[in-house]
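Below is one structure; the comments refer to it alone.
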Amino acid sequence: MTDKKSCENCQSKDCSAKLKKPEENDAEFKERQDLAKRLCQIKHKIMVLSGKGGVGKSTVAANLAMALALEGYQVGLMDIDIHGPSIPKLLGLEGAAILGGEEGLIPIQMSENFKVMSMGFLLREADDAVIWRGPLKMAVIKQFLKDVHWGELDFLIIDSPPGTGDEPLSAAQLIETLDGAIIVTTPQELSIIDVQRSIGFCRKLKIPVLGVIENMSGFVCPHCGKRTEIFKSGGGERMAKEMGVVFLGKIPLEPKIVEAGDSGKPFVYHFAKTETAKAFKKALEPILEIFGLNKKGITKGGIR
């Protein structure tokens, strides 16, 4: 893959951007080709979903993306939570500004192999409210995909807002080659009922469900190692089994996750020896196996 790859010399017989659709005008056809050129440089596109807010979905997305970067992969993290972008805060990128270049908008570079894009970078103030309907959300997600110079990536992790509304639907429609979704839940029954809708959403749109992560699954005392089931445990695992999807693992509650998120320190990088950080990394193993990949080892270069 190269940045200069064009639809005219693409060798893929399945590429839908090679031919103009009957209902398209010239501008629409060119826009679709420009989108395809960007996406062709990204090997794997994964959306992180949850049917319910408050389950730590953005924390999971950010730490999975960081864990992949630490294994040596070229990774992009795209935050499409238009109304509540939390990725800048989680990664210590508040106040970062997006610049333009010859190849398009330049995402924030956290390390030599980790790039980030979020609506939060486009707001004048962190507490500005975004009051948009569906078409505007679709337009900005398209811009994140088409106009951002992601370059060549092994993985693009897409952090979607809770539910099955405009944002995940827009991303699924724009990315024809979406590899799948990771579903995040907590162990409680109320959360699981909502998360089942996310699996239903994926199945209706023919998006492969790569697996389910049960977040906030028990609390492991950092002093004595004793485990306490504050929010119960195992609900996500049972739900995954009942719905016939892969269970990726349990992420225990960890006080340092709150500390890391509030201070903008990527948890799996700064607290790599904790059981929770190890659980994040272990959850990636089945996903890497799906794509026929192996761990590559720690990447060179620092992380913010």
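Nothing in this text is a laboratory measurement; each read-out follows from the coordinates by a stated rule. Predicted model only: the values in this text are computed from it and were never measured. Cβ coordinates were reconstructed from backbone atoms using ideal geometry, including for glycine residues, and neighbour counts include every protein chain displayed.
Observations, loosely collected:
- Karplus-derived 3J(HN,Hα) values for the stretch 136-141, using 6.51 cos²θ - 1.76 cosθ + 1.60 with θ = phi - 60°, are 5, 5, 4, 5, 6, 5 Hz; glycine and proline are entered as x.
- Packing rank of 171-177, 58-64, 203-209, where each peptide gets the mean count of other beta carbons within 10 Å, highest leading: 58-64, 171-177, 203-209
- Links that overshoot a 21 Å alpha carbon limit, given the list Lys204/Lys281; Lys115/Lys256; Lys20/Lys45; Lys57/Lys115; Lys18/Lys204; Lys226/Lys278: Lys204/Lys281; Lys115/Lys256; Lys20/Lys45; Lys18/Lys204
- When the P(r) is computed for the chain, the part past 32 Å accounts for 24% of the Cα-Cα pairs.
- Between 0 and 90°, nearest 10: helix 275-290 axis offset from the chain longest Cα axis: 40 degrees
- Each of the peptides 270-280, 100-110, 21-31 was scored by the mean count of other Cβ atoms within 10 Å over its residues; in descending order, highest first, they stand as 270-280, 100-110, 21-31.
- Relative contact order of the chain, pairs being alpha-carbon contacts under 8 Å that are 6 or more residues apart, as %: 24 percent
- Taking a point 7 Å out from the Cα of Met243 in the direction of its Cβ, none of the residues of the stretch 57-99 has a backbone N less than 13 Å from it.
- Amide H contacts for Leu77 (H built 1.01 Å from N in the peptide plane; partners 5 or more residues away or on another chain; cut-off under 5 Å): Lys115, Val116, Met117, Ile157.
- Amide H contacts of Ser217: Ile251, Leu253, each under 5 Å away and 5 or more positions distant or on a separate chain (H built 1.01 Å from N in the peptide plane; Pro and chain starts excluded).
- Folded to 0 to 90 degrees: helix 57-70 orientation relative to the chain principal axis, Cα: 80 degrees
- Ascending count of other beta-carbon atoms within 10 Å, so fewest first, for Cys202, Cys221: Cys221, Cys202
- Here the 3J(HN,Hα) profile of the stretch 38-53, calculated from phi with Karplus coefficients 6.51, -1.76 and 1.60 at θ = phi - 60°, is 5, 5, 5, 8, 10, 5, 10, 10, 10, 9, 9, 10, 7, x, 9, x Hz, Gly and Pro shown as x.
- Whole-number percent relative contact order across the stretch 156-287, with pairs defined as alpha carbons under 8 Å at least 6 apart: 20 percent
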